[in-house]
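What follows is calculated from the coordinates using simple rules that are stated; it is not laboratory data. Small disclaimer: the values here were computed from a predicted structure and weren't measured. Virtual Cβ from ideal backbone geometry, glycine too; neighbours counted across all protein chains shown.
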Amino acid sequence: FLNDKDYHGGFERNEIEKVFSAMESNYEAWVSGYAPLAVGADVPVAVREFSRTLFNMRPDISLFVCQTVFFSDFRPILGLVKVPCCIIQGIKDMSVPLSVAHYMKAHLGGKATVEILQAEGHLPHLSAPQMLVPVLRRALAR
């Protein structure tokens, strides 16, 4: 997720620290603001469901998971992945820019394809399952 000189992950360190601060200072407000952005589309049922899952987590555990995700960097070992991969990316993902999907494809050690969903959000299984399911079926049939 962290940008560096040769990689656009989507976030600068200070932006990530602001997310952590918001989670620590008022978790409920953070969830209420983050859930619609993560889901991305105007799908109130999906936003409610995602919010429910976040509210079911203890805030300290949620923060720990978020820190782990944001600060994990597996780029150095992408080349070790030799199995075929299908990278599925939404066209408007506030968490992961399109450049990440293309970076992964270029650096994975085996055959990789990128499927761009014409869907908003980071959670297409919630916001656009009708778009995601055919892509998953194609990928699994290969």
Based solely on its DSSP helices, what 222 nm [θ] is calculated for the chain when runs of n ≥ 4 H residues each add -39,500 (n - 2.57) and the sum is averaged over all residues, nearest 500 deg cm²/dmol?
-16500 deg cm²/dmol
Between the stretch 1-72 and the stretch 80-142, what is the C-alpha centre distance in whole Å?
20 Å
For the chain, what relative contact order do you get, as a whole percent, if you take Cα pairs closer than 8 Å and at least 6 residues apart?
26 percent
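Sum up the charges of everything whose Cβ sits under 9 Å from the Cβ of CYS86, counting Lys and Arg as +1 and Asp and Glu as -1, but leave CYS86 out.
Summing Lys/Arg as +1 and Asp/Glu as -1 gives +1.
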Candidates (i) 0.94; (ii) 0.98; (iii) 1.16; which is the computed Rg/Rh (Cα atoms, Kirkwood Rh)?
(ii)
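Hey, got a sec? Which trypsin sites (Lys or Arg not before Pro) in the stretch 87-129 land in a DSSP loop and have at most 14 other Cβ atoms within 10 Å?
Filter output for the stretch 87-129: LYS111.
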